């Protein structure tokens, strides 16, 4: 039987804030202080935000870098596994 503590929140993508600049700006626009701004001022604010959320292009570059790094680590790990001998028979002497 598995028990879940109802007082400890479960990590879920449902609780991750929007990370796309388009989604983020749409959600930000719903906040009362931003609703009251003119479109021109709001757009100036959005354009002046730097670093978060990242653009699609930057996200793609970061992902490519992480994928390449992970691929190299996988290759190193696989090479190391090829050099190890495994004995699965418990009666075999070493």
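Please state which one of 62, 49 is farther than 16 Å from residue 22 by Cα and free of Cβ contacts under 8 Å to residues at least 40 places away in the same chain. It would help to see each step written out before you state the result.
Values: 49 fails: farther than 16 Å from residue 22 by Cα.
Exactly one residue qualifies, and that residue is 62.
Matching residues to (1) at pLDDT below 85; (2) under 24 Å from residue 31 (Cα atoms); (3) not assigned by TED's automatic domain parsing to the domain that holds residue 29:
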residue	(1), (2), (3)
43	no, yes, no
48	no, yes, no
60	no, no, yes
63	no, no, yes
68	no, no, yes
71	yes, no, yes
79	no, no, yes
92	yes, no, yes
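The values are calculated or read from the model by the stated rules, or taken from the named source; none is laboratory data. This is a predicted model, so every value here is computed, not measured. Neighbour counts run over all protein chains shown; Cβ positions are idealised from the backbone, glycine included.
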